[in-house]
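The structure under discussion appears below in the form of structure tokens.
The values are calculated or read from the model by the stated rules, or taken from the named source; none is laboratory data. Here the structure is a predicted model, which means the values were calculated and not measured. A quick note on method: Cβ atoms are made from the backbone with ideal geometry, for glycine too, and the neighbour counts reach across all protein chains shown. Note: areas computed on protein heavy atoms with side chains; ligands, DNA, RNA excluded. Shrake-Rupley method; radii C 1.70, N 1.55, O 1.52, S 1.80 Å.
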Amino acid sequence: MLKIQVGHSYFLRYDRKQWERGKPYPPLATIQIAALLRRMGHEPSLFDAMLADGVDDYAAALHDARPDLVVFYEDNFNFLTKMCLGRMREAACRMIGEARAAGARVIVAGSDASDHPEPFLAAGADVVLIGEGIAALTSLVERFERQPQASAQAWADGLPGVATMVDGKPHAVRMGPVPPDPRVVGQPAWDLLDIERYRTFWRQRHGYFSLNMAASRGCPFRCNWCAKPIWGNHYNQRPAEEVAAEMTYLKQAFAPDHIWMADDIFGFHVDWVDRLATLLHEANGSVPFTIQTRADLASERMVAALVKAGCAEAWIGAESGSQRVLDRMTKGTHVPDLIAARQRLGAAGIRVGFFIQLGYLGEELDDLLATRELVARAAPDDVGVSVSYPLPGTKFFEEVKAQLGAKTHWDDSADLAMMFRGAYDSEFYRRFRDLLHEQVNLQRGERDERAAAALRAGWDALIASERSHRSERPTLPRLAPQNVALPL
């Protein structure tokens, strides 16, 4: 039996926007791995960076755990890990060095490490897992138990999907995205978390307590800006019985007021959602929950099943109000679908949020104003606005990578900096984002003529100044537009 410390490097305090937002969630993928290692017969401990004061907290956790092996396994369900935020990479590399100095062997896994294993290996990691890495991880643990003194190269010899240092240089054996591994089953190791610390934080900030779950892994859709270094386009849905049992357990053990379903796409099959609703009703296990979905999945039957299961809020990846931009993204959805889905969900009492993306290749002022029009017509309850972010491994990244200089990722999620030459500069998109938020706030509140006049003035001023914010040589899309949708 090995003593294995499992951890991650997402420190909420290092992301000022998310710290101010104040909605921390436990690292699901990390505690799933802890549960897997426990089933293998080992003794896992957890370093949870989410609510830690900073990376300085790690030394004490390392000393208390005294692990034989450290596994830094980033939370694949936290969408911010896809962005490879600079402060989190720095924290991870520092913790890797401390773990190695303490005599532990170190394995690292996550989106950033999959795309760029070099800095993690240089910091002292013995092995970096490429992708989800479950097969490689279990093999490495079994080998380490038999031969704890083996060199890193010998330890990983012959294993696909890993990166190691060979003759002082990083060497990766890539195998492409693979389906979610079937060995990740059952409930995560919830007992390793300091749940009361999360509860206290949530209640102080918001007056209620929220936890997270995931009913699936992966996403089958093919938006050409969305990086998928972990599962590619594979999608695996847990049995409805297993998901209902976990929600019932969380309700009985921790009494959350709300659950965030962290799936990229929740439900997908209406019969599955209907089955989940039935099981939750029978067990009295339903907790109001929030999901992420697509407009083309929000049929009348699906909405009815979601209501029955306890869905209180749905976030739709709207992205743009311009069909031209949606087609260039290969989003596979249509603007009228966005409006219809919002109305259908809202009529059923489900709160609706739109994710909006500004600055995509080829987007012009008319496209941006179409997005403003979408928000006005659909009147979502909330919006989340970002600019297009070039994620490694995407077609979008390939189109703009020649323009990426020293800044290849944001320091934190509030950065909102353009890293390629879009139609406008970063300041223009930041102001557009702020005005969209003001518009949504005005739409959902009581009529305020003074605020409405101020908003109109803000839009007029921004549009009047748009020429001064234009890029000299904006990048033009070179890929032919495609409209990709899967049969439902």
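None of Ala34, Ala59 is touching a residue at least 40 places away in the same chain (Cβ under 8 Å) and not polar (S, T, N, Q) except Ala34. Looking only at the stretch 435-455, decide whether some residue is among the basic types (Lys, Arg) and at pLDDT 95 or above. For the stretch 435-455, residues among the basic types (Lys, Arg) and at pLDDT 95 or above: absent. Might you check whether a residue that is modelled with pLDDT under 90, part of a helix (DSSP H, G or I) and loosely packed, with under 15 Cβ neighbours inside 10 Å occurs anywhere in the stretch 403-422? Yes, the stretch 403-422 contains a residue that is modelled with pLDDT under 90, part of a helix (DSSP H, G or I) and loosely packed, with under 15 Cβ neighbours inside 10 Å. Of the residues making up the stretch 377-394, those that are at pLDDT 90 or above and open to solvent by less than 20 Å² (accessible area, probe 1.4 Å) are Ala378, Pro380, Val383, Val385. Taken together, the residues in the stretch 156-168 that are touching an Asp or Glu at 6+ places or on another chain (Cβ under 9 Å) and either within 23 Å of Asn233 (Cβ to Cβ) or without any contact (Cβ under 8 Å) to a residue 40 or more places away in the chain (or both) amount to 3. A single member of Arg100, Arg87, Arg94 is surrounded by fewer than 24 Cβ atoms within 10 Å (Cβ to Cβ), of a type in the set (Lys, Arg), in contact (Cβ under 8 Å) with a residue 60 or more places away in the chain and farther than 23 Å from Val184 by Cα, and it is Arg87.
Per the conditions (1) touching a strand residue (DSSP E or B) at 6+ places or on another chain (Cβ under 9 Å); (2) not in a helix (DSSP H, G or I), the sole criterion not satisfied by Gly362 is (1).
Going by the structure shown, is Asp15 modelled with pLDDT of 95 or more and open to solvent by less than 60 Å² (accessible area, probe 1.4 Å)? The answer is no for Asp15.
Among strands (runs of 3 or more DSSP E) lying entirely in the stretch 239-358, which contain 3 or more residues that are over 19 Å from Phe77 (Cα atoms)? Qualifying strands (runs of 3 or more DSSP E): 311-319, 351-358. Here are some conditions: (1) open to solvent by less than 30 Å² (accessible area, probe 1.4 Å); (2) part of a loop (DSSP other than H, G, I, E, B). Val400 meets all but one. Which one does it not meet? All conditions are met except number (2).
Only one entry in Tyr25, Tyr73, Tyr58 is in contact with an Asp or Glu (Cβ under 8 Å, 6 or more places away or on another chain) and either open to solvent by 40 Å² or more (accessible area, probe 1.4 Å) or under 25 Å from Arg199 (Cα atoms) (or both), namely Tyr58.
Would it be correct to say that Leu374 is touching a residue at least 40 places away in the same chain (Cβ under 8 Å), crowded, with 20+ Cβ neighbours inside 10 Å and assigned to a helix (DSSP H, G or I)? So Leu374 fits the description; yes.
Considering the stretch 290-321, the residues that are of a type in the set (S, T, N, Q) and open to solvent by 10 Å² or more (accessible area, probe 1.4 Å) include one that is farthest from Thr371 (Cα to Cα), namely Ser299. Considering the stretch 465-483, and only residues there that are within 21 Å of Ala417 (Cβ to Cβ) and assigned to a loop (DSSP other than H, G, I, E, B), the residue that is modelled with the lowest pLDDT turns out to be Leu476.
Looking at the stretch 202-223, can you tell me whether even one residue there is modelled with pLDDT of 95 or more, small (Gly, Ala, Ser), crowded, with 18+ Cβ neighbours inside 10 Å and part of a loop (DSSP other than H, G, I, E, B)? Yes: one or more hits. Scanning the stretch 233-287 for residues that are on the phi > 0 side of the Ramachandran plot and either without any contact (Cβ under 8 Å) to a residue 40 or more places away in the chain or surrounded by fewer than 18 Cβ atoms within 10 Å (Cβ to Cβ) (or both) yields Ala255, Asn284.
Listed by first and then second residue, the pairs linking a residue in the stretch 379-402 that is on the phi < 0 side of the Ramachandran plot to a residue that is in a loop (DSSP other than H, G, I, E, B) and among the basic types (Lys, Arg), with Cβ atoms under 7 Å apart and 6 or more places separating them unless they lie on different chains, are Glu399/Arg478.
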